[in-house]
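A short worksheet on the structure shown next.
The values are calculated or read from the model by the stated rules, or taken from the named source; none is laboratory data. The structure presented is a predicted model; accordingly, all values stated were derived computationally and were not measured. Glycine also receives a Cβ, built like all others from the backbone with ideal geometry; neighbour counts cover every protein chain displayed.
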Amino acid sequence: MSELEQHPKSWQVAPLSVVASVNPSKGIIDADHESLAHFVPMASVVEEFGGINVSATRPLKEIIKGYTAFLEGDVLFAKITPCMENGKIAVVPALQHGLGFGSTEFHVLRSSVATLPKWIAHFLSQAAVRRNAQRSMTGSAGQLRVPSLWLAEQALPIPPLNEQRRIVAQIEELFSDLDAGVAALKRAKANLKRYRTAVLKAAVEGKLTEEWRAKHPAKEPASKLLERILKERRQKWEADQLAKFAAAEKEPPKNWREKYVEPTPPVTTGLPELPADWCWASVQQVGSVQLGRQRAPQHHSGDHMRPYLRVANVFEDRIDISDVMEMNFTPNEFETYRLGYGDILLNEGQSMELIGRPAIYRDEVPGACFTNTLVRFRVYDGVDTDYALRVFLAYLKNGRFQKIATITVNIAHLGAGRFSEIEFPLPPVAEQAAIIEEVDRHFSLIDAAEKAINLSMARAARLRQSILKQAFEGKLVPQDPKDEPASMLLERLQASRSAHEGNGKAATPKRTRGKIIQTSDERRTRTRRRSSSQKQQED
């Protein structure tokens, strides 16, 4: 069956270039260089044919060269990856200043009397059409573009003009209902995100386990737990020092124990009040903090190559091992920077909103080390690793890490020293386990709700594409035998173009108007400057 036979009898199928101008030339621009024109960067076009913002303006002299020109009613189609795949398509609305310029990564399509601009835009917004465009892209990786020839050759179904109007109106009505549903789903998803943050906040303030705490009095308050942790911390330091002296076959010097540095307690001014059996500690009081080793050219080869993790491997509560690299670590360095099961890694250098993003290392890459783009936190006995992770997740969500971060060359830095000094809410041991269980229970419900929302959004996306498929197969609205067949539209269009060509003129789309004047023999842009006498006459 031919492509035309798949459509109603009153339809036609023609290459897009037959019914629209693909990337029409700027022609002659008759405007003062100091006047304003609309400017549309790629960011001003919403994905999935979601709209366009033309409010930005710039002096014509700044954009007349080096940018893509367009008019009201033109269709903008992003040609570069990934904007094309994401559906950056728009129909240009009314332009107050008449002229519009935008990114050079737009293809411009100017419809003729045979097609509505929205008909072309909806055609190009079909997922199947974009997949075809993606396969036809040319260029280098990251700079792939859809050729204009591909656009020109696309077989566009063309219904009668009145039917185009009915179909577009039906599409927009159905899409309006879909958009309302998707907007509600997005609001629900945003509420779940806020709920997740609220759960973490309640967890680290003791509010999440209020009922549990009433039924389970603490056997050891957190203040006693902290004393025990600090005592054991000092004992371990002393044992390590004695081992070093013994390895060096030296006697410990007099007053060597006085060199021990007590961890700095937190500044509690302004902190919320904790439950009675809790206490405030500092991060360095409840665990050891270590910044990773800096990478250098001499580390790229050697006899002790080891896998290492960096900021690109650490996501929120997840270690990504899809891109693990290696570098040389001497035996001593390996002992210092080797990761152990249960270590928490936090992003040290990252964008501000992601600074401090934490995850637990669970031997995903056995024998791995880490670089200075990460900070390692290793809990002392009495602190549950999973509880500490939830504290750091709460700090990631509530902006605590952002408050202590510094910025260097547009990169936020957590700082191992600053991180080690911030406050840490410490509950009794048993309540730490109860908090983990409660957070996981709430998160499980949130995850299930998010999954349901994502499924609904995926169904909406499929329904949107199904509507478009029906539209371009002629199945969305009934045909009206009174409509003028598309074949007559195309005949008139061809006759009009032939007449213009016979007069030595190019067929100019009827919609081309305003300050841009197109001619067939004016292929480059020039600006007509008006003389003072002309201006006076016009005034």
So GLU273 passes all but one of these: (1) free of Cβ contacts under 8 Å to residues at least 24 places away in the same chain; (2) of a type outside the set (S, T, N, Q); (3) over 24 Å from GLN432 (Cα atoms); (4) in the same structural domain as LEU393 (by TED's automatic domain parsing). Which condition number does it fail?
(3)
Please work out which residue is nearest to GLY102 (Cα to Cα), limiting yourself to the stretch 41-70 and to residues that are over 19 Å from the mean Cα position of the chain (by Cα) and in a loop (DSSP other than H, G, I, E, B).
TYR67
If you take just the strands (runs of 3 or more DSSP E) that sit entirely in the stretch 299-347, which of them hold at least 2 residues that are in contact with a helix residue (DSSP H, G or I) (Cβ under 7 Å, 6 or more places away or on another chain)?
325-328, 344-347
Is the stretch 265-284 home to any residue that is at pLDDT below 95 and in a helix (DSSP H, G or I)?
no
Does HIS38 satisfy being part of a loop (DSSP other than H, G, I, E, B) and touching a residue at least 12 places away in the same chain (Cβ under 8 Å)?
no
Filter the stretch 2-11 for residues that are of a type outside the set (D, E, K, R) and in a loop (DSSP other than H, G, I, E, B); the one that is modelled with the lowest pLDDT is SER2
Filter the stretch 358-382 down to the residues that are of a type in the set (D, E, K, R) and either without any contact (Cβ under 8 Å) to a residue 24 or more places away in the chain or closer than 26 Å to ILE229 by Cβ (or both) and list them by number.
ARG362, ASP363, ARG376, ARG378, ASP381
Among the residues of the stretch 294-312, how many are farther than 17 Å from LEU346 by Cα, among the basic types (Lys, Arg) and within 31 Å of the chain's Cα centre (by Cα)?
1
Answer residue from the stretch 387-408, given it is hydroxyl-bearing (Ser, Thr, Tyr) and surrounded by 15 or more Cβ atoms within 10 Å (Cβ to Cβ) and is farthest from ALA434 (Cα to Cα) among those
TYR395
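Yes/no matrix, rows are residues, columns are (1) surrounded by 14 or more Cβ atoms within 10 Å (Cβ to Cβ); (2) of a type in the set (Ser, Thr, Tyr); (3) more than 30 Å from GLU431 (Cβ to Cβ); (4) touching a helix residue (DSSP H, G or I) at 6+ places or on another chain (Cβ under 9 Å):
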{"residue": "GLU211", "(1), (2), (3), (4)": "no, no, no, no"}
{"residue": "PRO217", "(1), (2), (3), (4)": "no, no, no, no"}
{"residue": "SER223", "(1), (2), (3), (4)": "yes, yes, no, no"}
{"residue": "GLU249", "(1), (2), (3), (4)": "no, no, yes, no"}
{"residue": "PRO266", "(1), (2), (3), (4)": "yes, no, no, yes"}
{"residue": "VAL283", "(1), (2), (3), (4)": "yes, no, no, yes"}
{"residue": "VAL286", "(1), (2), (3), (4)": "yes, no, no, yes"}
Name, by its number, the condition in (1) over 21 Å from GLN470 (Cα atoms); (2) of a type outside the set (A, V, I, L, M, F, W, C); (3) in contact with a Phe, Trp or Tyr (Cβ under 9 Å, 6 or more places away or on another chain); (4) buried (at least 17 other Cβ atoms within 10 Å of the Cβ) that does not hold for ARG145.
(3)
Residues of the stretch 225-241 classified as over 16 Å from GLY382 (Cα atoms) and loosely packed, with under 13 Cβ neighbours inside 10 Å, total:
2
Restricting the search to the stretch 153-194, which residues are acidic (Asp, Glu), without any contact (Cβ under 8 Å) to a residue 60 or more places away in the chain and under 15 Å from LYS118 (Cα atoms)?
GLU172, GLU173
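Looking at this structure, is PHE70 closer than 27 Å to ALA155 by Cβ, in contact with a strand residue (DSSP E or B) (Cβ under 8 Å, 6 or more places away or on another chain) and among the aromatic types (Phe, Trp, Tyr)?
Answer is yes for this residue.
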Test for ARG228: is it closer than 30 Å to ALA458 by Cα, touching a residue at least 40 places away in the same chain (Cβ under 8 Å) and not β-branched (Val, Ile, Thr)
no
Being hydrophobic (A, V, I, L, M, F, W, C), surrounded by 14 or more Cβ atoms within 10 Å (Cβ to Cβ) and either at pLDDT below 90 or not assigned by TED's automatic domain parsing to the domain that holds VAL108 (or both) narrows it down to one residue among ALA31, ALA14; which is it?
ALA31
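Do you know which residues across the stretch 304-329 are among the aliphatic types (A, V, I, L, M) and touching a strand residue (DSSP E or B) at 6+ places or on another chain (Cβ under 7 Å)?
Residues satisfying the conditions are MET305, LEU309, VAL311, VAL314, ILE319, VAL324, MET325, MET327.
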Meets criteria (surrounded by fewer than 17 Cβ atoms within 10 Å (Cβ to Cβ), outside the structural domain of GLN284 (by TED's automatic domain parsing) and at pLDDT 95 or above) for ILE436:
no
